[in-house]
1. Please name which of B:F23, B:S37, B:V12 has its Cα lying farthest along the dipole of segment B:1-60 towards the positive end, using unit charges on Cβ (Lys, Arg +1; Asp, Glu -1) and the Cα centre as origin.
2. Can you tell me which of B:61-74, A:118-131, A:65-78 comes out highest on packing, and rank the rest after it, using the mean Cβ neighbours within 10 Å?
3. Just to be sure I understand the interface: list residues from segment B:261-305 that lose 30 Å² or more of accessible area between the chain on its own and the complete protein assembly, 1.4 Å probe.
4. How do B:211-218, C:62-69, B:51-58, B:459-466 rank on mean C-beta neighbours within 10 Å, highest first?
5. In Å², rounded to the nearest 100, what is the total accessible surface buried by chains A and B against each other with a 1.4 Å probe?
6. Using a 10 Å cut-off on Cβ to Cβ distances, tally the other chain neighbours for every residue of B:17-26 and report the average as a whole number.
7. Probe 1.4 Å, all protein chains in place: accessible area of B:T241 in Å², nearest 10?
8. If the convex hull of the alpha-carbon atoms of segment C:44-97 is projected onto planes in all directions, what is the mean projected area in square nanometres?
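The values are calculated or read from the model by the stated rules, or taken from the named source; none is laboratory data. Everything quoted here is computed from the prediction, not taken from an experiment. Backbone-built Cβ (ideal geometry, glycine too); neighbour counts: all protein chains shown. Areas reflect the complete protein model, heavy atoms only, side chains present, ligands, DNA and RNA absent. Shrake-Rupley method; radii C 1.70, N 1.55, O 1.52, S 1.80 Å.
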Amino acid sequence: MSKYLDLSVLEIHRLYQEKKLTPKVLLEEVFERIEKRKSLNCFITLNKEEAMKEALRLENEEVGGILWGIPIALKDNIVTKDLRTTCASKMLENFIPIYDATVVQKIKDEGLLIVGKVNMDEFAMGSTSETSYFKAPKNPWNEEYITGGSSGGSAACVAARITPLALGSDTGGSIRQPASYTGLVGMKPTYGRVSRYGLVAFASSLDQIGPMTRNVFENAALLNVIAGRDEKDLTSAVQEKEDFTRLIGKDIHTLKIGIPSYWISDVVTQEVKEVFNHVIELLKEEGNQVEIVDISYLEQAVPLYQIIAMAEASSNLARFDGIRYGYRTLEAENVDMLYEKTRSEGFGEEVKRRIMVGSSLLSSEKAKIYYDKALSIRKDMRKSFLDCFSQYDLLLAPTTTSAAYKLGTSLSDPLKSFMDDVLVIPVNMAGLPSLNLPAGFNQDHLPIGIQIIAAPFEEAKIYQLASFLEKKLNLDLEGGHIDE
Amino acid sequence: MSKYEATIGIEVHAEIKSQSKIFSNAQNSYGKMANSSCTVVDLGYPGALPTINQEVIYQGIRACHLLHSTITEKMHFDRKNYFYPDNPKNYQITQNRTPIGRGGYLQIKINNEVKKIELEEMHLEEDTCKSVHKGRMSLLDFNRAGVPLIEIVTKPCMHSKEEAVLYLEKLRETLFYGDISDCKIEEGSMRCEANVSIKEVGAKTLGVKCEIKNIGSIRNVGIAIEKEIQRQIELLENHETIKEQTRRFDDKLEDTVLMRYKETGNDYRYFPEPDIPFVVLTDEMIDHALSSLQLTPDERREIYKSKGIQEINIEKLIANRTLSDYLNTYLDTELDFVIASNLLLGDILSYLHKNFIQLEQTKLTKEKFLDLVLKIKNGDLSNKNVKDILEDVLSTDASVSEIMQQKNIQNIKDSSVVIDIIQKVVTENPESVKDYQEGKDRAVKYLMGQVMKEAKGSINPKLASELLLEFLKNTSN
Amino acid sequence: MEKLSVEEVKHIAHLARIFLTDEEIEKYRVSLAKLFEMIDEIHQIKGYDEEIMICPWQSDSSLREDKVGKMLTEEEVLKNAPCKNGRFIEVPVMLNE
């Protein structure tokens, strides 16, 4: 049996150019692996027929860019025309979008093959992917464990080496945290770097789509495809086009790296500290300067995030009412019942809880003392980060407080999903780019990651350090792939 | 109404004129087939995001300028959250904290005195979708969803229905002339709501206010306010309390009826719209917006007055924007505006009405119109001549002189030619001359008629009658 | 930790237009209270700059040119609507207006 999927994207690209491989053959291998790893519960909807058609179409085309003909999985909150998009919710169980998200358009234009839509927490609300209406995906490294979330299906899919690439979305760590739990490279780009048009909104001012991949280079290559100003998204930034791979491979010896003190405090477990300290030692050995820094409001980041995320979510999810699309109750005798029953039956428990909290936080006079206050402090927090970047090239921190834990652990605790994200949330609050890099393992041989954070629009710098560390650490990250 | 005093505030929603909608590039249309003018943004589809139509911002700037409001240079939008089937996202994008305009006023003339009607604020927002009721169901048409609106709110500063009506007429005129809105109340492109309360004269605090919605014409706003004031006075006189409520105007009853009592604290959960960053209105944008503004109605009134046009004609012109705009294209010419306005509002307007056409559909060129007015002024054309030639002037390419020639209308301005005609008429009508000498006025009229007949109408009647009288005087001496 | 009252939960659920069974109300009395307790930690934060940040990135607010673009077909508008009637999307009669 062929194992082209174990090759790097660059190697596959070379085979395409030399006409030794066709997209169709590669795609067939993807669907074989999907079948073989069904127990992971990665996919909600497969796009087999269309992907095959596209692969055959590509065979009559010149080989394009590096990612031409490369299979990709999309988180199921990114809308795809004529391909079911559920947000892992009963509410959208039968929803067939009538348009493509901007990132989907870009991916199609570049000749990537969309294999299917992958599992996630319902409407991206959760940190284990267990709130999915379609049941949780499993961690390919050990199927008793969580993948993390909310982009758990994207993580599982790439970690199991089913597709080389996946897109996730990150509102409060939803790319980096599952990447950390499954040994992947996951980037949350600067807010505004990637268009949100067609990403089903959870919290508009925090959401960002990003790449999840096996290695650093492939991550940068995928960001190259999806980044850019979009006329359809007023929050997308006007930036000159750049090649995010351009600094990869350049050595690093004179960087000034900051480590926010709170992020190495007792909130982090010993297993994570060990991995993290090893990385610090390595950087120092190479001549880089590493210092502890202070960033304001990191301790209160979670409640501040909760206010903004849930308030925005309560409004963003108001549109799911059973009128224009989506689930509609059978008991819609009047308008009030149409709303209350549809939303009661269509949303899961976690989503309902967050919508209710958000609605309450905005009601009557509360908006001022909660939402406005959170927006103001958020501004200060961002400023504190930016001040820090005037002295340091990059910030470094653990991504998660521990390695992945067993499925079912967190379900009864409404706060657990937020506390899991305590280290990743501040980055969304400040709108910064941050990447999870696999950095080691715990005793159970589960991956542990670190995050590299940069000033706005400095993703290339992150990739430079990440690729440097990737090479130095030289980890075997194939643990999620069952090799027969 | 001696014991009580009414306090009235008015809220107007006007649909802004533009090609596309405020937050999407669907067509801003009226009367199209249901659900044919919308995009995923207007349907509130998952993942869809708003963009901002720059023309709507410009229109807002123009409205601020015309209503003397202070422009908010750094503004944002807010979400107003409420569940209703005509509200596609179940939130409406509007402006709550940073309305595009604050303060401002419009001047009305009441009892020959000028009064300033003060404004609270004005803001931009999106319209809801339209619903049609059919039995136990309502049917939704999303064409109107996302049509740009400007909401203009006065302070509670009016005290009579007359003021309210004058304010609305002035506002409609201003927005219409600013090309900001069609202001067609019948089509719903201008919607009025009145807040009415009463208090005893001299009382310091305002009474409980009631809101009246769905008023289909400015006249009905007047009626609605009057009825509402009466209703409230009756309640107070009967020692009943007035409850805060929303009422609507019923056309058939010509009265207001209760819609609902005010819910305790309508909780709209306003918060800044995170999908739209701050919008900064630069001086450049403001200059650009204002550069296309035409003369306001009041500016036109001043100009027409200075050109000697009678007040009644001035108001007729303002009421007919096409004619006013047309007349204004002659502002830098030597045109006699009095004659021109008479001609436009008289013979030309009736020709247009008779033929169901617009002025620009006629063959009237600038040269022809100038020529026509000049010839009237110089006495080359009499009123009767004008009536005879107007149809040809408006419907053919021929010049005024050519038409006059075709119709054999000569410009008899030569006194000797006129005297010759008079001589002939006098000779042929000795009885009338005799009647004249006996002091019978009728004789002059008869002779004058004969002169005009002889000249086939092509003499300046003023000149003819002067010469006739002189001739008769001379012959009797 | 105090539980929320049944009325409080009902009020919040109504704001969010979510019907809750008595059993669910009991559950949310506890879990909502936990969340509110955590959120209330922000009351400890004092002395911050009150200017708000709406979104992290302030773009040069590029506005759209006023041009009509591609619109949806009738079929697309109605495609996902659970209840339709001719060219319209149907809902139970709206009483308020």
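1. B:S37
2. Going by the mean number of other Cβ atoms within 10 Å, highest first, we get A:118-131, A:65-78, B:61-74.
3. B:D267, B:R269, B:F271, B:P272, B:P274, B:D275, B:P277, B:F278
4. The densest-packed peptide leads the list: B:51-58, B:211-218, B:459-466, C:62-69.
5. So the total buried area for this chain pair works out to about 3000 Å².
6. 4
7. Here the residue's solvent-accessible area equals roughly 110 Å².
8. For segment C:44-97, averaging the hull's shadow over all directions gives 10.1 nm².
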